[in-house]
Amino acid sequence: MNKNDVIAAVADKTGMSKAAAGEAVDATFDVITDALKGGDEVKIIGFGSFSVAKRAASMGRNPRTGASIKIAASKTPKFKAGKGLKDSVNG
């Protein structure tokens with residue numbers, strides 16, 4: 001399922017137009033993204049939580065040449081499924 005499929009499904013479930021559903025889906029993604037950029041965690045009860053994990057700098061190896069390379073520290077978004085979502089998928 002891609003973003004357009006999600007928009008179509010939201011439009012069907014809510015009776016909204018596809019344009020309005022698209023704006024709602026985009027706004028939802030923007031709010032989550034902005035919260036994560038600001039260092040906040042987003043918890044949606046029954047669905048899951050979005051957070052930012054920090055990765056420390058490390059040394060790696062170029063598999064082609066075997067040379068050591070430095071991998072810079074970075075932040076990565078993380079999602080942890082909630083109990084309601086897990087139960088829905090498994091049951």
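General remarks:
- Hits in region 45-91 - residues which are over 23 Å from Ile32 (Cα atoms), in contact (Cβ under 8 Å) with a residue 12 or more places away in the chain and surrounded by fewer than 11 Cβ atoms within 10 Å (Cβ to Cβ): Ala56, Ala57, Ser58, Met59, Lys70, Ala72
- The lone exception for Ala73 - which of (1) within 30 Å of Lys83 (Cα to Cα); (2) within 22 Å of the chain's Cα centre (by Cα) it fails: (1)
- Test: residue in region 28-36 that is in contact (Cβ under 8 Å) with a residue 40 or more places away in the chain and in a helix (DSSP H, G or I): yes
- Sole exception among (1) in the same structural domain as Asp87 (by TED's automatic domain parsing); (2) farther than 23 Å from Val89 by Cβ; (3) assigned to a loop (DSSP other than H, G, I, E, B) for Gly46, by number: (2)
- The set of residues from region 12-26 being under 14 Å from the mean Cα position of the chain (by Cα) and exposed (fewer than 14 other Cβ atoms within 10 Å of the Cβ) comprises just one member, Asp26.
- Filter pass, Gly46 being at pLDDT below 95 and not charged (D, E, K, R): yes
The values are calculated or read from the model by the stated rules, or taken from the named source; none is laboratory data. All figures in this text were calculated on a predicted structure; none of them were measured in a lab. All Cβ positions, glycine included, derive from the backbone under ideal geometry; neighbour counts span all protein chains shown.
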